[in-house]
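**Q** Please find one structure pasted underneath; my questions will follow.
The values are calculated or read from the model by the stated rules, or taken from the named source; none is laboratory data. Because the structure is a prediction, the values reported are computed rather than measured. Reconstructed Cβ throughout: ideal geometry from the backbone, glycine too, with neighbour counts over all protein chains shown. Side chains included, ligands, DNA and RNA excluded: accessible areas come from the protein's heavy atoms. Shrake-Rupley method; radii C 1.70, N 1.55, O 1.52, S 1.80 Å.
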Amino acid sequence: MRTNIKLAWRNLWRNRRRTFIAISSIVFSVLLASWMRSMQEGSYDSMIENSVKFYSGYLQVQDTAFWNERTLDNSFAASDELKESISQIPDVTLVANRIESFALAANHLKSKPAMVMGIEPKAEDQITKISQKVKKGSFLKTGDKGALLGEGLARYLNLDVGDTLVMISQGYHGISASGLFLITGLLSHPNQEFNNRMVYLDIDAARDFYSANGLSTSLVVMAHNHYEVKHLKKEISKLLLAGNRVMTWTEMQPDLEQLIESDRGSGKIMLGILYMVIAFGMFSVVLMMVKERSREFGVVHAVGMQKSKLSTIVFLETIFIGLIGCSVGVLISYLFCTYFYFHPIPMSGKMAEAYEQYGMEPFLYFSLKASLFYSQMILVFLLSVFISVFPMYNIQRLKITKAMRN
């Protein structure tokens, strides 16, 4: 066997041009498949990141009735002990209180229904980077009594920084809620619905407004990435009382998950078509190699080499080409995708507008998840092994006289 390996390796470099053509076809195949999958999964990661960071978080601890009936009456007392216990779980990066409800926002002439979110300013800024979206005025500080408005809502109500916002609502257990809030800043939210309706308050100011002292509608839990939510849900569930539950982003936003899964399915169909093109391309290269070497095979067999040994050597040659091509392809693919991971491709025109309407940044993002690369390497390598059956079959049917005349 050692002799066969040596002969196969030497045969590769007897005709370097032919070997480089074969290796190049595999490198290009791995590069193209990896680039496509990296861009596809990077886009999904971007959609999820934008969605969870702009609104839901990766997980939320809530009262069991809150998600189906989002009223303040279904809020709960999130103790400091619970918050501390959750924050100690490995892979949890941040835990923050929120209180969410609705109110009628008005000035002296106009009014509009608004979404009111009471937040812990420092923690919320780490989740959503919301301070970077403040276009005028300043972001909220802990203990502030003012309000931060979306630009669309402020424009509709004809309000600006320094003006007074009037809000009327229903508080905890039906208590009447009304208040005046000094506008400290205006923000441009990437989601237009939020931009036209959102009001941010410091959580203590929101609790005072709704007479919900010490209560929260949710504890937002953040992780390093969305791949960690399943095991975090199990760990957090162990800490909760009977009246509370933990929900993942997939449970809170099933439409987004279904959209991603359906698009991933169509992406796999496209990838299957791509693999068919790759397979035919690799097959044509192998076919060229076999036809080119038919006289060589005939001579070698004529001087005494058995067809089985010749088939083994050719098979090993194909394996070497596959291993070299896949290894180089994965390395180049990773370097290529790493560049685009740190330098995402900007979108322009109507495509950029469509991205912004869905609350997404107008860029094509890439993923560096390891499985995206080694899975393509394995698949392309298996294709090369499967295609190597053809030259072995061709050798078994070899006719010495016919081959030597070629």
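**Q** If the Cβ limit is 8 Å and pairs must be 6+ apart or interchain, which residue in the stretch 81-99 that is open to solvent by 30 Å² or more (accessible area, probe 1.4 Å) pairs with which residue that is in a helix (DSSP H, G or I)?
**A** Matching pairs, first to second residue: Asp91/Glu228; Asp91/His231; Asp91/Leu232; Leu94/Ser87; Leu94/Ala123; Leu94/Gln126; Leu94/Ile127.
**Q** Within the stretch 1-17, which residues are among the polar types (S, T, N, Q) and either on the phi > 0 side of the Ramachandran plot or part of a helix (DSSP H, G or I) (or both)? So that I can check it myself, show each step before the final result.
**A** Going residue by residue through the stretch 1-17, those that are among the polar types (S, T, N, Q) are 3-4, 11, 15.
Result: Thr3, Asn4, Asn11.
**Q** Follow-up question, since we're still on this one. Among what's in the stretch 145-177 and is of a type in the set (Ser, Thr, Tyr) and in contact with a Phe, Trp or Tyr (Cβ under 8 Å, 6 or more places away or on another chain), pick the residue that is nearest to Leu72 (Cα to Cα).
**A** For the stretch 145-177, the residue satisfying everything is Tyr172.
**Q** Restricting attention to the stretch 137-169, report how many residues are open to solvent by 50 Å² or more (accessible area, probe 1.4 Å), without any contact (Cβ under 8 Å) to a residue 60 or more places away in the chain and not small (Gly, Ala, Ser).
**A** Residues that pass the stated criteria total 8.
**Q** Is the stretch 25-47 home to any residue that is in a helix (DSSP H, G or I), in contact (Cβ under 8 Å) with a residue 40 or more places away in the chain, acidic (Asp, Glu) and open to solvent by less than 70 Å² (accessible area, probe 1.4 Å)?
**A** Step one: list which residues in the stretch 25-47 are in a helix (DSSP H, G or I), which gives 25-47.
Then keep just the ones that are in contact (Cβ under 8 Å) with a residue 40 or more places away in the chain; that gives 25-47.
Remaining after also requiring acidic (Asp, Glu): 41, 45.
Retained after the next criterion (residues that are open to solvent by less than 70 Å² (accessible area, probe 1.4 Å)): 41, 45.
Looking through the stretch 25-47, at least one residue is in a helix (DSSP H, G or I), in contact (Cβ under 8 Å) with a residue 40 or more places away in the chain, acidic (Asp, Glu) and open to solvent by less than 70 Å² (accessible area, probe 1.4 Å).
**Q** Could you tell me whether the stretch 175-182 includes any residue that is within 29 Å of the chain's Cα centre (by Cα) and in contact (Cβ under 8 Å) with a residue 24 or more places away in the chain?
**A** No, that holds for no residue.
**Q** Of everything in the stretch 362-380 that's outside any helix (DSSP H, G or I) and of a type in the set (A, V, I, L, M), which residue is farthest from Ile324 (Cα to Cα)?
**A** Going residue by residue through the stretch 362-380, those that are outside any helix (DSSP H, G or I) are 362-369.
Filter once more, so that each one left must be of a type in the set (A, V, I, L, M): 364, 368.
Numbers: Leu364: 30, Leu368: 22 Å.
Step by step, filter the stretch 362-380, then rank; the result is Leu364.
**Q** Of the residues that sit in the stretch 209-250 and are free of Cβ contacts under 8 Å to residues at least 12 places away in the same chain and over 17 Å from Ala78 (Cβ atoms), which one is surrounded by the fewest Cβ atoms within 10 Å (Cβ to Cβ)? Before the answer, list the steps.
**A** Going through the stretch 209-250, the residues free of Cβ contacts under 8 Å to residues at least 12 places away in the same chain turn out to be 213, 227, 234, 237-238, 241-242.
Then keep just the ones that are over 17 Å from Ala78 (Cβ atoms); that gives 227, 234.
Numbers: Tyr227: 13, Lys234: 10.
Looking at residues that are free of Cβ contacts under 8 Å to residues at least 12 places away in the same chain and over 17 Å from Ala78 (Cβ atoms), I get Lys234.
**Q** Does Phe54 satisfy being open to solvent by 60 Å² or more (accessible area, probe 1.4 Å), farther than 30 Å from Leu323 by Cβ, in contact (Cβ under 8 Å) with a residue 60 or more places away in the chain and not in a loop (DSSP other than H, G, I, E, B)? Walk me through how you get there before you give the answer.
**A** Working: open to solvent by 60 Å² or more (accessible area, probe 1.4 Å): no; farther than 30 Å from Leu323 by Cβ: yes; in contact (Cβ under 8 Å) with a residue 60 or more places away in the chain: yes; not in a loop (DSSP other than H, G, I, E, B): yes.
No.
**Q** Can you tell which of Phe297, Phe315, Phe336, Phe280 is modelled with pLDDT of 85 or more and on the phi < 0 side of the Ramachandran plot?
**A** Working: Phe297 fails: modelled with pLDDT of 85 or more; Phe315 fails: modelled with pLDDT of 85 or more; Phe280 fails: modelled with pLDDT of 85 or more.
Step by step, each of Phe297, Phe315, Phe336, Phe280 is checked, and only Phe336 is modelled with pLDDT of 85 or more and on the phi < 0 side of the Ramachandran plot.
**Q** If I filter the stretch 44-52 for residues that are at pLDDT 85 or above, touching a strand residue (DSSP E or B) at 6+ places or on another chain (Cβ under 9 Å) and under 22 Å from Ala223 (Cα atoms), do I get at least one hit?
**A** No: the stretch 44-52 contains no residue that is at pLDDT 85 or above, touching a strand residue (DSSP E or B) at 6+ places or on another chain (Cβ under 9 Å) and under 22 Å from Ala223 (Cα atoms).
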